[in-house]
Structures are given as C-alpha cells and as structure tokens.
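Presented below is the structure to which this report refers.
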Amino acid sequence: MPELPEVETVRRNLSGLIIGKQISQVGTDWEKILNGGLQLFRDALIGQRFIAVDRRGKYLLLRLSGDNTIISHLRMEGKYALMEDHDEPHARFTHVWFTFTDGSELRYFDSRKFGRMTLVQTGTEMQTAGLATIGPEPTAADFSVTDFASKLARHKKAIKSVILDQATVAGVGNIYADETLWMSKIHPERPANSLQPEEVQALHDNIIAELSQAIDLGGTTVHSYVNALGKEGGFQNKLNVYGRTGEPCLRCGTPIEKIKVGGRGTHFCPHCQLAPSEG
DNA sequence: AGTCCTACCTGCTGGC
DNA sequence: TGCCAGCAGGTAGGAC
C-alpha cells in the first residue's frame, strides 16, 4: 500500500494511539508475518510498553521498553487500528493483535499478507535486511544532489527503476516515481546515467518537494490506503499522471500513456517526457 | 556490481 | 451472469 508519506502519516497516528500502553498478550492467525515466530514476540513483549514510534523510509520502528524495537513494513496492504475493546470481533484481514492491560488492542490488517514485523534489540535495527542498505531520507538535510548524481551514474537501467530502489533514496514508490518524473519532464525509461545535470537537480528537488507536500496532506489513497485512524489521504487530488491513462496531460493536453517499466505500471506524457531515443 | 525474474498473497476489474 | 487473466502504494532472494 504505502509509500513514505502514507507511512509517516501512520507513524503520527500511532504515536498518539499506543504510546504508554502496556502489552498483555500478542496473537496472530498468520504467523509468517512475525519474523522469528509468535513465541519470540510473546517472550520479549508481554509486560512491555510502547514508548515511541519512529520511521526510516517505509519502515515503521515501534519502540518498546526493555530495549525492544518492532520493525514493521506494511508492504502493499498493511494497516493498523486501535480497538477500544479487545472483545470486538475481528474484522476481515485481521492477522496480528497486541492486547493491552487497559483492555484496548492494537490490530494489524493485511489482505495480501505481504507485510512483515521483525523484532530486534533497539539500536541494531539498521543492521537488518532492507534497512542496512537504505538510502537517505528524501529531505534537503539528508538527500544530497551530489550523492544522487553519483548513484544515477552507476546505472544504465531505467531512471524509474533506480528511484524506486530504496538504496537510491528512501521512500519513493510507484505513485511518486511517476509523479516526480512527470514534474521533471523525464521519460521513465531514460537510462539513469543519461540524465543531464539540470535534470538530476530537478528530479532531486521534485522528490523532496512532492513527498513533503504529500505528508502535509496525509498521503495518497488510490486503492485502499487509510491511516491508523481509518481516514483516507488527501494527496490523490493532487496527482498529475498516476492513474490518468488516456486523460489529457495537465501541461500540454496530450493523452497520458501507460506502459510497463521494470514490471511496474507506469504513467507518463509522451509529449512532455521525451522518449530515450528522442531525448 | 548490476540487472532481471519470481515469489509472496488476495481481491478486484474488465473482457469475453 | 460467470469465468479468467491481469493488475495492484513492495521487497527479498536467487540467477545470470
């Protein structure tokens, strides 16, 4: 489901919902979501309290007392919600639940069961797969255009695939990749190492600006995303190309086309974003 | 090292 | 109406 703006929105919601709550039980009906198994989670977490909710890229870092961190990745469809009463019947797709001593319960829903939770000692999370190789946060403070340029120069594959690689920059997913390439007037199939310096600069700046604006609007809902309060995002109203196949480009009126790049559905304007052979 | 492909799951949509 | 192929905010692992 979510890209960085959606995960950040969930992080903010969760902070207000679970910090301070003490775990009395952990349960699951699909143990594969819990790396290492349910017993590992029960042994480490029962009796502990949530103390903070952090984020790195698209990974949520649920901090607990006892030096425990749950690394939670929502993948395509993962969602959280707090139930005031743990006796409430499980909604469809409920797969993991953390019962609290006050009677409430944090539930994790995931229709495709792609999401994963990994339990680690706090401070060692950056050594786990995914986080060990993650790139800079898409902020002016962390994401340098020099570093971005040198990463692009190492790849001749499609620029879209390179910005989807979380080692290049953390947090860009399929929607924001299409959006930032459209904003930068760069064709998604251009070899990454063929971008001119001004194009690299534009793409870099647009990634920072776009993700920041999407966070401000609570993320993007195009399929089923809702935040931890059950609310949809607002950024879907700001999309320029994603999901607009056949509709006129908002810059030049040319119908938006949809192709496959690196196996992912890709929307672009064939006039504004010149093809590799034409650019 | 870089690139590409498949697997993981299930629901939904569009075409026949 | 029913069936089925193909698609979906993502990543990990393995083969070249």
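The values are calculated or read from the model by the stated rules, or taken from the named source; none is laboratory data. Only a predicted model underlies this, so the values are computations on that prediction, with no experimental measurement involved. Ideal geometry is used to build each Cβ from the backbone, glycine not excepted, and the neighbour counts take in all protein chains shown.
Summed over region A:171-198, the residues that are away from DNA strand B (no atom under 16 Å from the Cβ), farther than 30 Å from A:LYS79 by Cβ and buried (at least 19 other Cβ atoms within 10 Å of the Cβ) give a count of 2. Scanning region A:218-238 for residues that are in contact (Cβ under 8 Å) with a residue 24 or more places away in the chain, in a loop (DSSP other than H, G, I, E, B) and out of contact with any strand residue (DSSP E or B) (no Cβ under 9 Å at 6 or more places or on another chain) gives A:GLY218, A:GLY219, A:THR220, A:VAL222, A:HIS223, A:GLY233.
Would you say A:PHE41 is closer than 16 Å to A:ARG107 by Cα, part of a helix (DSSP H, G or I), within 25 Å of the chain's Cα centre (by Cα) and among the aromatic types (Phe, Trp, Tyr)? Break it down stepwise before answering.
On the way: closer than 16 Å to A:ARG107 by Cα: yes; part of a helix (DSSP H, G or I): yes; within 25 Å of the chain's Cα centre (by Cα): yes; among the aromatic types (Phe, Trp, Tyr): yes.
Criteria met by A:PHE41.
Looking at region A:58-109, the strands (runs of 3 or more DSSP E) lying wholly inside it that each contain 1 or more residues that are in the same structural domain as A:ALA44 (by TED's automatic domain parsing), modelled with pLDDT of 95 or more and of a type in the set (Lys, Arg) sit at A:59-64, A:79-83, A:105-109. Among the residues of region A:150-167, those that are within 12 Å of DNA strand C (Cβ to nearest atom) and either part of a loop (DSSP other than H, G, I, E, B) or under 12 Å from the mean Cα position of the chain (by Cα) (or both) comprise A:LEU164, A:ASP165, A:GLN166, A:ALA167.
For region A:125-164, the set of residues classified as in contact with a strand residue (DSSP E or B) (Cβ under 8 Å, 6 or more places away or on another chain) and among the hydroxyl-bearing types (Ser, Thr, Tyr) consists of A:THR128, A:SER161, listed by residue number. Checked against the criterion of being over 26 Å from A:THR28 (Cα atoms), part of a loop (DSSP other than H, G, I, E, B) and small (Gly, Ala, Ser), the candidates A:ALA177, A:ALA129, A:ALA170 yield just one match: A:ALA170.
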